[in-house]
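Step one of this worksheet: look at the structure below.
The values are calculated or read from the model by the stated rules, or taken from the named source; none is laboratory data. This structure is a prediction, so every number in the text was calculated from the model and none was measured. All Cβ positions, glycine included, derive from the backbone under ideal geometry; neighbour counts span all protein chains shown.
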Amino acid sequence: MNTATGIIKALNSGIKHLAIKRFTLRYPEEKLKFVGDGYQFDPSTGVGIAGSKGRHMLFHDKCTGCQLCSIACEGVAEAIGMVKVPEEHKHNKKAIMPQIDYGKCVFCGLCVDACPFYALYMTNDYELSSFSKEGLIYTPAQLQVKPYVSQDVEIQITNRGATHG
């Protein structure tokens, strides 16, 4: 008797899910569209601005080389190292800027929270694969380039869950 009840419950559950559209995307062909530019932190209000936590973006004209991003990352992933840069800015007298190793980065956003000069934020670019470990280390010059993100499908959140448009 219990076996028959279990089979009926399983079939009922399967039949219910036949009418629901699948949530899975065909990844290389379809990409999820994120809302906003990426994760940012507003130090004046102390509030994080919601967004996807992907590849970092560095503004050289705002970075002072204070190393707070590196210090914030020390206890978590130790993915940020400060390196010398050839160009010298008036506000960055030491001429050092962050270099990020995405092989170690856990995308927690603490480095963005620690930056008091709005020099670092996280973009929606999540495709960071490489054939070598050296390819995952992004220099300050590479972090300065804004990534191109192609997104096809937008996510809609309803009271019954989330679906793709």
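Values as computed for the structure displayed
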| quantity | calculated |
| --- | --- |
| Residue in the range 89-99 that is at pLDDT below 90, under 27 Å from Thr45 (Cβ atoms) and surrounded by fewer than 15 Cβ atoms within 10 Å (Cβ to Cβ) present | yes |
| Of all residues making up the range 49-74, the number that are assigned to a loop (DSSP other than H, G, I, E, B) and under 19 Å from Lys90 (Cβ atoms) | 9 |
| Some residue of the range 47-66 being within 20 Å of the chain's Cα centre (by Cα) and more than 30 Å from Ser130 (Cα to Cα) | yes |
| Of all residues in the range 69-88 being out of contact with any Cys (no Cβ under 6 Å at 6 or more places or on another chain) and surrounded by 19 or more Cβ atoms within 10 Å (Cβ to Cβ), the one that is modelled with the highest pLDDT | Ser70 |
